[in-house]
């Protein structure tokens, strides 16, 4: 099984458990993010996790993280 496939199945299981518990989409996204199944958040496993996460969240209408707004430039 590929890292992507393993990540997808893990997210699907977490999603079902959280949905059965009646959680909101934001809480489901947090449950999935907090349940990262691999040791470190680096390397091929993490890249596959991020790819699977992006695709999974879009398919299941879960909120993706947005980039933070940059702070105002102090020199301008």
**Item:** FRET E, pair residue 19, residue 66, Förster distance 30 Å, beta-carbon r, rounded to 0.05
**Value:** 0.85
**Message:** In 10 Å bins starting at zero, report the fraction of Cα pairs in the range 3-59 per bin as a rounded %.
**Reply:** 25, 57, 17, 1
**Message:** Can you tell me the orientation of helix 3-20 relative to the chain, as the angle in degrees between its alpha-carbon axis and the longest Cα principal axis, to the nearest 10?
**Reply:** 90
**Prompt:** How far, in nm, would the chain grow between residue 2 and residue 30 when pulled straight, counting 0.36 nm per residue and subtracting the alpha carbon separation?
**Reply:** 7.7 nm
**Helix 25-34 vs. the chain, principal-axis angle (Cα, 0 to 90°, nearest 10)** = 80
**Fill in**
A correct fewest-to-most ranking of 3, 8, 44, 49 by other Cβ atoms within 10 Å would be 44, 3, 8, 49
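Each value in this text was obtained by applying a stated rule to the coordinates, not by laboratory testing. Just so it is clear, the model here is predicted, and its values are computed rather than measured. Backbone-built Cβ (ideal geometry, glycine too); neighbour counts: all protein chains shown.
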